[in-house]
Amino acid sequence: SNLLLPDGVPPERQWARFYIKIYRAEGLPRMNTSIMANVKKALIGENKDLVDPYVQVAFAGQKGKTSVQKSSYEPLWNEQIVFTEMFPPLCKRIKIQIRDSDKVNDVAIGTHFIDLRKISNEGDKGK
């Protein structure tokens, strides 16, 4: 009730579901070129330079992610991430990040932001 809203945003907003469909990725880089990867290769013969990618999506303070696709440079997900948020959202962009799943620390491969103003209509039906 004490929320400061930007100009043009109605004080009474409805709840809405935002569906984000993740299809696939292409041409992901080799990731395990670190010193530890070289030590594993020398000691136990493990040569794992393929990535285990997944997609993490952040929107309006929420996060969702896809499943991990093991050992793939061209993963195929065809998965949907759903967020529930007020409409129109106060958040102006969606963060999409491809990450490499790792036992110790997941690493970001690439990040992209989608500006909601560029993909929605003006007015009541899409702002």
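A few comments on the model shown:
- As a calculated quantity, the FRET efficiency between residue 101 and residue 80 at R0 = 25 Å, using C-beta atoms, amounts to about 0.80.
- Inter-probe distance in nm under a simple model that places probes 7 Å from Cα toward Cβ, at residue 73 and residue 120: 3.9
- Ordered by solvent-accessible area of protein heavy atoms (1.4 Å probe), largest first, the residues 15, 77 come out as 15, 77.
The values are calculated or read from the model by the stated rules, or taken from the named source; none is laboratory data. This structure is a prediction, so every number in the text was calculated from the model and none was measured. Glycine also receives a Cβ, built like all others from the backbone with ideal geometry; neighbour counts cover every protein chain displayed. These accessible areas exclude ligands, DNA and RNA; they are computed on the full protein's heavy atoms, side chains included. Shrake-Rupley method; radii C 1.70, N 1.55, O 1.52, S 1.80 Å.
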